[in-house]
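The values are calculated or read from the model by the stated rules, or taken from the named source; none is laboratory data. Fair warning: this is a prediction, and the values are worked out from it, not measured in the lab. A quick note on method: Cβ atoms are made from the backbone with ideal geometry, for glycine too, and the neighbour counts reach across all protein chains shown. Ligands, DNA and RNA are stripped out before the accessible areas are found, and what is left, the full protein with its side chains, is counted by its heavy atoms. Shrake-Rupley method; radii C 1.70, N 1.55, O 1.52, S 1.80 Å.
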Amino acid sequence: MAISVNNLKAFRSSFLDFVGDPFYAVESESVRYIADGLMVIAGDQIKALGPYEQLRAHYPEVAVTTYPGKLIMPGFIDIHVHYPQTEMIAAYGKQLLEWLSQYVFPIEGKFQDAAYARRVASFFLDQLLCNGTTTAVVLTTIFPQSVDVLFEEARRRNMRLIAGMMMMNRNAPDFLLADAPTADQQNRELIQKWSHIGRLSYAITPRFAITSTAEALQLAGKLKAEFPDVYVHTHLSENVKEVEFTAELFPTSPDYLNVYEKFGLVGDKSIFAHGVQLTDAEFERLSKAGAAIAFCPTSNLFLGSGLFNLEKAKSAAHPVNVGLATDVGAGTSFSMLQTISDAYKVAQLQGQSLSPFKALFLATLGGARALSLDDKIGAFDVGKEADFIVLDMQATPLMAFRNPIPTANSLDELAEKIFAMMILGDDRAIQATYIAAELAYERKETYRY
Ligand code: GUN
Ligand code: ZN
């Protein structure tokens, strides 16, 4: 039977994605690598992926875009990033609480102005695309208009995005506080307006325990119970002084996680950023709840917060869902490759080793699983949405010198090459980014070795 070619397109290159979690399965069985592959796309979904020589005969009429010597992977998933902090990334000299007061809060006040917020949102989303990030979980500010413009700009780009209005009603300057009932009403309106519109999802987003009263967290929990599909997104146990202050503010909670548990905010659609200072008991309860931790290595290093214990989070006894996150503006790069590079070093400092395949799993299918979106994104299974990136392992003179032959004929060879790319690469290694099968970004200057 002839297959209609009208809405089909195809790509030829090397392909790498994951079919299992390399932290728990034999690594070589969790990786899918096709040295010379063909991916066929129908509309915005993957229809077939296989060796070029086998698959081409089934689709003789379909036009093929070829990326010789490149590597195609699912788009990166950044599960925790602050768009309002784009403009103050790389602010000098402070740890978390002072850094928030000195640099972050004044900037976030500017997002009352919707036109300003839109300019930043637009620049921010374009930064995601040129870094190969196709899905992100994004923090905003207390101003509903700062959420609207982000969702509008994401929709214009057809990006899959999770975001919500930041809730804060204490321990910040007055211009950044909204009383809890007002914020609750605004959240309800935003959920009605944006939840499940196109590729968008909503997250109830109390900033962290310190900036919310018990009343505000209780309303957040009530909202979550009424809208179980909606995510919960916040910070947890990042910095020692933050943990101490939280204990003072919530003296009846035995630990930080319990503050959120008490109000019904810990479940399988909860995303907690950092988790650097967690106790074993908290790791175990996060595992039981099916909640996710966003591992933010560049941020944890930059603010001197500490070393996240990835091995403990991914233990066989109490496995926790972990995704990678840039956490800009405490994070120092929008690049998930740079984020992986620091994740590797954080592991090294603890005598752990993060293999290249494990790292790329966290940045793709691992992130999708952490967000319960693995039925839609994160890998190249048939029926998934065609968000993918074209990686150039020879993007800079040094990368090309290190990797004179860009293609790999075995998993061992591939591991060595992608590792060098992860350590040396950044936005320059992203040749192209496709959103729902459409070209959304293409790198103009390419280096020729
Ligand atoms: N904890 C509460 N707010 C923030 C923030 O904006 N950045 C980081 N890194 N941690 C936080
Ligand atoms: Zn953060």
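Listed here are the pairs 269/384; 222/384; 224/376; which of them are more than 29 Å apart at the Cα?
On the way: 269/384 20 Å; 222/384 33 Å; 224/376 23 Å.
Exceeds cut-off: 222/384.
Where does the chain land on the Kirkwood hydrodynamic radius, alpha-carbon pairs, in angstrom?
Values: mean 1/r = 0.0451 Å⁻¹.
It works out to 22.2 Å.
Above 25 Å lies some portion of the pair distances; for region 266-423, what is it as a whole percent of all C-alpha pairs?
Numbers: 4145 of 12403 pairs.
For region 266-423, the share of Cα pairs beyond 25 Å comes to 33 percent.
Within 10 Å, count the other beta carbons around each residue, average over each peptide in 240-253, 102-115, 367-380, and list them highest first. Mind showing how you got there, number by number?
Values: 240-253: 14.7, 102-115: 17.3, 367-380: 21.9.
My ranking of the peptides, most packed first, is 367-380, 102-115, 240-253.
Under 1.5 on a/c is rounded, so check that first for region 123-269, then, if it is not, pick prolate when a/b is larger than b/c and oblate when it is not; a ≥ b ≥ c are the square roots of the alpha carbon gyration tensor eigenvalues. Let's see the in-between values first.
Working: a/c = 1.80, a/b = 1.62, b/c = 1.11.
In terms of gyration-tensor shape, prolate.
Using Cα atoms only, what is the angle between the long axis of helix 214-226 and the major principal axis of the chain, expressed in degrees (0 to 90) to the nearest 10?
40 degrees
Residue 315's amide H: which non-local residues (gap 5+, or another chain) put their own amide H closer than 5 Å, with H modeled 1.01 Å from N in plane and none for Pro or chain starts?
Distant-sequence amide H within range of residue 315: 320.
So what is the 222 nm mean residue ellipticity for the chain from helices alone, if each DSSP H run of at least 4 adds -39500 (n - 2.57) and you divide by all residues, rounding to the nearest 500 deg cm²/dmol? Can you show the working numbers first?
Working: 18 runs with 159 residues, N = 449.
Using -39500 (n - 2.57) per qualifying helix, the result is -10000 deg cm²/dmol.
Of all DSSP beta bridges in region 1-124, what percent run antiparallel (nearest 5)?
On the way: 16 of 21 bridges.
Around 75 percent of the beta bridges assigned by DSSP in region 1-124 are antiparallel ones.
Can you compute the FRET efficiency between residue 182 and residue 258 using 1/(1 + (r/R0)^6), with r the Cβ-Cβ distance and R0 = 22 Å? Round to the nearest 0.05.
On the way: r = 27 Å, r/R0 = 1.22.
Efficiency, rounded to the nearest 0.05: 0.25.
Taking amide H atoms as placed 1.01 Å from N in the peptide plane, list the residues 5 or more away in sequence, or in a different chain, whose amide H sits under 5 Å from that of residue 329.
Amide H neighbours of residue 329: 82, 85.
In the chain, what percentage of the DSSP-assigned beta bridges are antiparallel, given to the nearest 5? Intermediate values should be presented prior to the final figure.
Numbers: 29 of 63 bridges.
Just about 45 percent of them are antiparallel.
Given H placed 1.01 Å from N in the peptide plane, which residues other than close sequence neighbours of residue 142 have an amide H under 5 Å from its amide H?
HN-HN under 5 Å from residue 142: 166.
For a test of the definition: using alpha carbon positions, the gyration tensor, and the 1.5 limit on a/c, classify region 296-378 as rounded, prolate or oblate. Write down the numbers at each step before the final one.
Values: a/c = 1.74, a/b = 1.20, b/c = 1.44.
It is oblate, given that a/c is not under 1.5 and a/b is not larger than b/c.
Output the peptides 42-51, 156-165 sorted from most to least packed, where packing is the average of other Cβ atoms within 10 Å over each peptide's residues. If you can, show how the numbers build up before the last one.
Numbers: 42-51: 17.0, 156-165: 22.0.
Highest-to-lowest ranking by the protection proxy: 156-165, 42-51.
On a 0 to 90° scale, report how tilted helix 280-289 is relative to the longest principal axis of the chain, with both axes built from alpha carbons and the result rounded to the nearest 10.
70 degrees
Rounded to whole Hz and in sequence order, give me ³J(HN,Hα) for region 318-335 from the Karplus expression 6.51 cos²θ - 1.76 cosθ + 1.60, θ = phi - 60°, writing x for Gly and Pro.
My calculation for region 318-335 gives 9, x, 10, 5, 10, x, 9, 8, 7, 6, 4, x, 6, x, 9, 7, 7, 7 Hz in order.
What angle, in degrees between 0 and 90 and rounded to the nearest 10, separates the Cα long axis of helix 180-194 from the longest principal axis of the Cα atoms of the chain?
With rounding to tens, the tilt is 20 degrees.
Using the scaling law 2.2 N^0.38 Å as the reference, what is the normalised Cα Rg of region 1-121?
1.66
Would you list which lysines come within 19 Å of residue 312, measuring only between C-alpha atoms, while excluding same-chain residues fewer than 8 positions from it?
Answer for residue 312, where 19 Å is the Cα cut-off: 288, 345, 358, listed by chain and number.
Percent of accessible area on the chain owned by carbon and sulfur, 1.4 Å probe? Walk me through the numbers on the way to the answer.
Details: 8640 of 16750 Å².
Heavy-atom surface of the chain belonging to carbon and sulfur, 1.4 Å probe: 52 percent.
So what does residue 116 come to for accessible area, using a 1.4 Å probe and Å² rounded to 10?
For residue 116, the solvent-accessible surface is approximately 30 Å².
Taking only C-alpha pairs under 8 Å that are 6+ residues apart, what is the relative contact order of the chain in percent?
On the way: 987 pairs, mean separation 84.4, N = 449.
Computed value for the chain: 19 percent relative contact order.
Per residue, how much accessible area does the chain show when a 1.4 Å probe rolls over the protein heavy atoms, in square angstrom?
Numbers: 16750 Å² over 449 residues.
That works out to 37 Å² for each residue.
Ignoring ligands, DNA and RNA, how do 101, 14 rank by accessible area with a 1.4 Å probe, largest first? Provide the component values of the computation, followed by the final result.
Numbers: 101 75, 14 5 Å².
Result, largest first: 101, 14.
Can you work out ³J(HN,Hα) from phi for every residue in region 377-388, in order, using Karplus 6.51 cos²θ - 1.76 cosθ + 1.60 and θ = phi - 60°, giving whole Hz and x for Gly and Pro?
Result, ordered by residue: 9, x, 7, 9, 5, 4, x, 6, 6, 7, 9, 8 Hz.
Quick one: what are the phi-derived ³J(HN,Hα) couplings along region 340-355, Karplus 6.51/-1.76/1.60 with θ = phi - 60°, whole Hz, x for glycine and proline?
5, 4, 6, 4, 4, 5, 4, 5, 4, 5, 10, x, 10, 10, 9, 5
Could you estimate the translational diffusion coefficient of region 54-186 from the Stokes-Einstein equation, with Rh from the Kirkwood formula over C-alpha pairs, at 10 °C and 1.306 mPa s, in whole µm²/s?
Values: Rh = 17.1 Å.
Rounded to a whole number, D works out at 93 µm²/s.
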